[in-house]
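Asker: Here's a structure for you.
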Amino acid sequence: MGRQTKKGLDYFPLDVVLDTKLSLIKAEFGLLGFGIVIRLFQYIYAENGYYMEWSQDVALMFASNEQVGVNVVSEVINACLKRGIFDQNKFKEFGILTSNDIQERYLEATNRRIGEKICDEYAVLNAHKKQVNDDINGINVNKKEENVSRKYTKESKVNKSKVKEEKTYGSVIADYTLNSELRTALQNFVAMRNKMKGFTINALELGLKKLNTLSNDDLTKIDIVNQSVERSWKSFFPISQQSARSQRRQDVLPDYYAQMKAGNEKATDDITEIDREEFEEIRKKLKEQGM
């Protein structure tokens with residue numbers, strides 16, 4: 001039996017001077033954010049070498065292992081996607097964290113391994129860079145050309161369909177919106193719903209379709225999602241207006257009371273803040289209280 005090929009790396013290079021992307025992460029989140037990115041790099045290089053799967057469950061485990069808040073982790077991930085530290089397209093399509101730089105470092109570190117490959121679906125490098133790395137491997141390894149001529153090989157049709165069919169809560173949310181605050185709200189909703197029975201990926205997708213029917217702007221969607229989280233609702237519903245209406249009636253009540261005490265009901269014709277039906281309801285309640 002042949003020896004199993006090692007997938008990950010034992011180490012990876014880190015520049016002494018930070019590039020602009022990492023500097024912005026450090027500026028926005030401090031050393032905590034910078035540390036989260038470095039730990040993500042360690043997970044990526046150590047496990048699969050050039051990518052890692054990312055979902056709500058993985059985020060929870062990562063946050064627990066690193067003893068940081070899952071919301072902070074999610075915000076750092078979103079900032080990394082926005083600034084190109086991780087590739088947005090691969091994250092949205094496959095729910096993975098990878099990038100051009102990560103894959104370049106991986107190929108450089110494994111250029112003496114036989115049969116090393118990056119599947120086409122996950123590849124971010126352009127064709128020219130692929131060919132350059134293929135040629136380098138053919139020289140350094142000094143093996144038969146058929147064994148080292150390509151670093152990239154197409155996965156079987158079975159593996160392709162499997163990759164495309166696999167969905168996670170994180171990938172569904174990532175595909176739905178790029179708004180970091182809305183993503184965080186939806187992740188909190190998923191965490192709440194996972195404590196109940198019967199919540200699936202399909203249920204989340206149906207919920208997001210319903211959310212689209214309730215609002216077109218992200219701010220309102222955030223309020224709707226947070227309302228469901230706060231009240232432990234299984235779905236999304238319009239924002240309750242009861243408290244606002246009650247407050248509005250309390251604001252106009254003194255004016256109406258003063259008018260009725262003075263016997264001046266005609267003045268109400270000039271008031272446009274609430275309609276006649278609301279006014280009659282308030283007057284009825286005042287009469288019941290003997291006022």
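The values are calculated or read from the model by the stated rules, or taken from the named source; none is laboratory data. Keep in mind that what you see is a predicted model, and the values were worked out from it rather than measured. Positions of Cβ are backbone-derived with ideal geometry, glycine not excepted, and every protein chain shown enters the neighbour counts.
Asker: Working carefully through the options 171, 235, 228, 240, find the one that is closer than 29 Å to residue 53 by Cβ, polar (S, T, N, Q) and at pLDDT below 90.
Answerer: Details: 235 fails: at pLDDT below 90; 228 fails: at pLDDT below 90; 240 fails: closer than 29 Å to residue 53 by Cβ.
One residue alone meets the criteria, 171.
Asker: Another one. Let me spell it out: the conditions are (1) at pLDDT below 90; (2) not assigned by TED's automatic domain parsing to the domain that holds residue 62, and residue 151 meets all of them except one. Which number is the exception?
Answerer: For residue 151, the exception is condition (2).
Asker: Determine which member of the set 263, 290 is at pLDDT 65 or above, more than 30 Å from residue 177 (Cα to Cα), not in a helix (DSSP H, G or I) and not acidic (Asp, Glu).
Answerer: Numbers: 263 fails: at pLDDT 65 or above.
Checking each option against the conditions leaves just 290.
Asker: Only one residue in 92, 21, 26 is under 24 Å from residue 121 (Cα atoms) and part of a helix (DSSP H, G or I). Which one? Steps first, answer last, please.
Answerer: Numbers: 21 fails: under 24 Å from residue 121 (Cα atoms); 26 fails: under 24 Å from residue 121 (Cα atoms).
Only one candidate qualifies: 92.
Asker: Among the helices (runs of 4 or more DSSP H) contained in segment 179-245, which hold 1 or more residues that are free of Cβ contacts under 8 Å to residues at least 60 places away in the same chain, surrounded by fewer than 12 Cβ atoms within 10 Å (Cβ to Cβ) and within 17 Å of the chain's Cα centre (by Cα)? First the steps, then the outcome.
Answerer: Numbers: elements: 180-193, 201-214, 218-230.
Hits in segment 179-245: 201-214, 218-230.
One line per residue, one yes/no per condition, for (1) in a helix (DSSP H, G or I); (2) touching a residue at least 12 places away in the same chain (Cβ under 8 Å); (3) under 19 Å from residue 190 (Cα atoms):
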| site | (1), (2), (3) |
| --- | --- |
| 65 | yes, no, no |
| 72 | yes, yes, yes |
| 80 | yes, yes, no |
| 102 | yes, yes, no |
